[in-house]
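Trainee: Input: one structure, supplied below.
The values are calculated or read from the model by the stated rules, or taken from the named source; none is laboratory data. Here the structure is a predicted model, which means the values were calculated and not measured. Please note: Cβ atoms are built from the backbone with ideal geometry, for glycine as well, and neighbour counts cover all protein chains shown. Side chains included, ligands, DNA and RNA excluded: accessible areas come from the protein's heavy atoms. Shrake-Rupley method; radii C 1.70, N 1.55, O 1.52, S 1.80 Å.
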Amino acid sequence: MSSTDTLGDDFGRALVTGIREALVSAADALGDLDRRAGDGDFGANVRTAMKLLDASVETDRPGTSRAWLTALSRAWLGVGGTSGPLFGTFFRDLAKAADEDAAPTAERFAEALAAGQATIQKYGEAQVGDKTMIDALDPAVTALREALGAGRGPVEALGAAAQAAVDGARATAETTARRGRASYVGDAARGVIDPGAAAMALVLGAAHAAAGGGDAVDADWIG
Ligand code: ADP
Ligand code: MG
């Protein structure tokens, strides 16, 4: 398999359903992290977004990658907190990059992730190290580009991206938040993984799985 092979024309559906499954099963653990490191609403925000997704999928029956990602984007945009609009605009960038019919390549997906990262940073103004979802996304984009540049196939490259995202999310336990409500609790959040970074790592894990790199996303490390 070469790195220009497509991710499959079912990639969008597999990605979004994989994200849903991973986030729903980790919602309690994610909520617990936000209780310890923030204001405690993240678990509820995740659940609300996934309920909105279920409802829109039921009604609209998305038939393309772009339609699946648009449904996910709108679901997050319907949620409060800081994470709702940030994930919403992030997934909107992924949706924009998805062709109506053709299957995306891993290169195209990497550029879409980078565009989504730029959007999150434009609105949220977080830098790497601020203990946010960026700390999982930034190393994932770098790892994905590096792996593709080195000629790795899409599954292996997305595996490297997912691993980099998990490593980045875990490392947030050692940092103090400078953005979002977690910044209000300061050093009290030391030792606690940032919930948004953990959720972003699950998104990358779901992308790896959707490309054919395994069935379920491992969330045991979240706690
Ligand atoms: P809130 O911080 O308003 O309670 P949520 O609990 O819904 O929002 O989401 C918290 C997550 O949002 C954090 O774990 C962090 O990853 C992410 N986040 C918060 N602020 C920012 C920001 N400015 N930029 C990027 N991500 C952010
Ligand atoms: Mg919160």
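Trainee: Just wondering, is there one or more residues in region 107-115 that are open to solvent by less than 20 Å² (accessible area, probe 1.4 Å) and either within 13 Å of ligand 1 (Cβ to nearest atom) or at pLDDT below 95 (or both)?
Mentor: No; the residues of region 107-115 include none that is open to solvent by less than 20 Å² (accessible area, probe 1.4 Å) and either within 13 Å of ligand 1 (Cβ to nearest atom) or at pLDDT below 95 (or both).
Trainee: Can you pull out every residue in region 70-89 that is over 14 Å from residue 50 (Cβ atoms), assigned to a helix (DSSP H, G or I) and over 12 Å from the mean Cα position of the chain (by Cα)?
Mentor: Scanning region 70-89 gives 70, 85.
Trainee: Quick one: which of 12, 8 is assigned to a loop (DSSP other than H, G, I, E, B) and of a type outside the set (Phe, Trp, Tyr)?
Mentor: On the way: 12 fails: assigned to a loop (DSSP other than H, G, I, E, B).
The conditions single out 8.
Trainee: Out of 217, 203, 185, I need the residue that is crowded, with 23+ Cβ neighbours inside 10 Å and modelled with pLDDT under 95. Which one?
Mentor: Details: 203 fails: modelled with pLDDT under 95; 185 fails: crowded, with 23+ Cβ neighbours inside 10 Å.
Step by step, each of 217, 203, 185 is checked, and only 217 is crowded, with 23+ Cβ neighbours inside 10 Å and modelled with pLDDT under 95.
Trainee: A further question on this structure: Mind checking whether some residue in region 139-152 is within 24 Å of residue 32 (Cβ to Cβ), open to solvent by 10 Å² or more (accessible area, probe 1.4 Å) and aliphatic (A, V, I, L, M)?
Mentor: No, there is no match, as no residue in region 139-152 is within 24 Å of residue 32 (Cβ to Cβ), open to solvent by 10 Å² or more (accessible area, probe 1.4 Å) and aliphatic (A, V, I, L, M).
Trainee: Can you tell me which residue in region 116-133 is surrounded by the most Cβ atoms within 10 Å (Cβ to Cβ), limited to those that are under 16 Å from the mean Cα position of the chain (by Cα) and not hydrophobic (A, V, I, L, M, F, W, C)?
Mentor: Filtering region 116-133 for residues that are under 16 Å from the mean Cα position of the chain (by Cα) and not hydrophobic (A, V, I, L, M, F, W, C), the one surrounded by the most Cβ atoms within 10 Å (Cβ to Cβ) comes out as 132.
Trainee: Right, something else. Report those helices (runs of 4 or more DSSP H) wholly inside region 90-202 carrying at least 2 residues which are more than 23 Å from residue 73 (Cα to Cα). Reasoning before the result, please.
Mentor: Values: elements: 106-124, 134-149, 154-171.
It comes to 134-149, 154-171.
Trainee: On the basis of being buried (at least 22 other Cβ atoms within 10 Å of the Cβ) and either within 16 Å of ligand 2 (Cβ to nearest atom) or farther than 22 Å from residue 145 by Cβ (or both), does residue 17 make the cut? So that I can check it myself, show each step before the final result.
Mentor: Working: buried (at least 22 other Cβ atoms within 10 Å of the Cβ): no; either within 16 Å of ligand 2 (Cβ to nearest atom) or farther than 22 Å from residue 145 by Cβ (or both): yes.
No.
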